[in-house]
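Read the structure below first, then the notes.
The values are calculated or read from the model by the stated rules, or taken from the named source; none is laboratory data. Predicted model, so just to flag it, every value in this text is computed and none were measured. Cβ placement follows ideal geometry from the backbone for every residue including glycine, while neighbour counts extend to all protein chains displayed. Just the protein is used for accessible areas: all its heavy atoms, side chains included, with ligands, DNA and RNA removed. Shrake-Rupley method; radii C 1.70, N 1.55, O 1.52, S 1.80 Å.
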Amino acid sequence: MTKHIGIVAGSSEGAALCYRTICLEAPAIMGEHNHPEITMNSMPMAQHMPHIVAKDWAAVAELLLASAHKVAQAGADFAICPDNTYHQALPYLLPRSPIAWLHIADAVAEEAKRLGYARLGILGTKYLTEGPVYRMPLERYGIERELPDQADREKINEIIFKELVNGIFPESSRLYLNDVASKLKERGCDAVVLGCTELPLIVRPDDCPLPSLDSTRLLARAALRKAVEE
């Protein structure tokens, strides 16, 4: 018996990528046409965004908690949230959650350690890059982190919320993100974290100046492993 996965969705693009990754990669482990049972609750981003802009993570946690109860009532054994930024609410959420959660930054940090990376550039919303989500998981593995400069953080934030979450992926934005990765490489980074759920949909590994760690797919794979573990 596999465990039932609960997906607490933020953006539709990121949640869809996470769900699709689990379903496409599961057959290699579980057999043809097979994957763990998955329940998703997708609360509108419009309800989350005022609290995110205000950096009111306790209020974000209340919304995530409501979703967690819904997937738990549907039978989910544990939950994941594909949205990196939302993880700032987890300290408020976890003590009250009806089920366990996997942390997206833990999945990324474990992969970075496995691959031998020592200094990661963090791409994501300004709330994510300026917040604590990746700090402690990377520190546990002795991995340093580097952030884009202030202007780049603001521009990437705009790209994410005005374009990517709406399914818009302009070539100009892809090239801009590559330029930011180049700057991080010049500052000593040996890989870059795609720390926004939608970034893997626009950053191409074959032409990014640094090796990329796809947080969305890494979380999906961690959930798949947990679902099939004995």
Among what's in region 131-166 and is farther than 14 Å from VAL193 by Cα and assigned to a loop (DSSP other than H, G, I, E, B), pick the residue that is least open to solvent (accessible area, probe 1.4 Å).
GLY131
If you check ALA105 against the conditions, is it open to solvent by 40 Å² or more (accessible area, probe 1.4 Å), closer than 23 Å to TYR134 by Cβ and of a type in the set (A, V, I, L, M, F, W, C)?
no
Does GLY131 count as under 17 Å from the mean Cα position of the chain (by Cα) and at positive phi?
no
Flag for SER182 being of a type outside the set (Asp, Glu), in contact (Cβ under 8 Å) with a residue 12 or more places away in the chain and out of contact with any Ser or Thr (no Cβ under 6 Å at 6 or more places or on another chain)
yes
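Kindly check whether there is at least one residue in region 5-16 that is open to solvent by less than 40 Å² (accessible area, probe 1.4 Å) and part of a helix (DSSP H, G or I). Step through it out loud before you land on a result.
Within region 5-16, the first condition is being open to solvent by less than 40 Å² (accessible area, probe 1.4 Å), and the residues that meet it are 5-11, 14-15.
Subsequent filtering for residues that are part of a helix (DSSP H, G or I) retains 14-15.
The answer is yes; a qualifying residue exists.
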Please enumerate the residues belonging to region 52-73 that are surrounded by fewer than 18 Cβ atoms within 10 Å (Cβ to Cβ) and farther than 18 Å from ILE5 by Cα.
VAL53, ALA54, LYS55, ASP56, ALA58, ALA59, GLU62
Residues (open to solvent by 60 Å² or more (accessible area, probe 1.4 Å), assigned to a helix (DSSP H, G or I) and under 26 Å from PRO91 (Cβ atoms)) located in region 20-50:
ALA46, GLN47, PRO50
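Among ALA109, ALA72, ALA68, which is the only one that is in a helix (DSSP H, G or I) and free of Cβ contacts under 8 Å to residues at least 60 places away in the same chain?
ALA109
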Looking at this structure, is PRO209 within 18 Å of the chain's Cα centre (by Cα) and either among the small types (Gly, Ala, Ser) or outside any strand (DSSP E or B) (or both)?
no
Going by the conditions given, is TYR86 within 14 Å of VAL193 (Cβ to Cβ), in contact (Cβ under 8 Å) with a residue 40 or more places away in the chain, aromatic (Phe, Trp, Tyr) and crowded, with 18+ Cβ neighbours inside 10 Å?
no
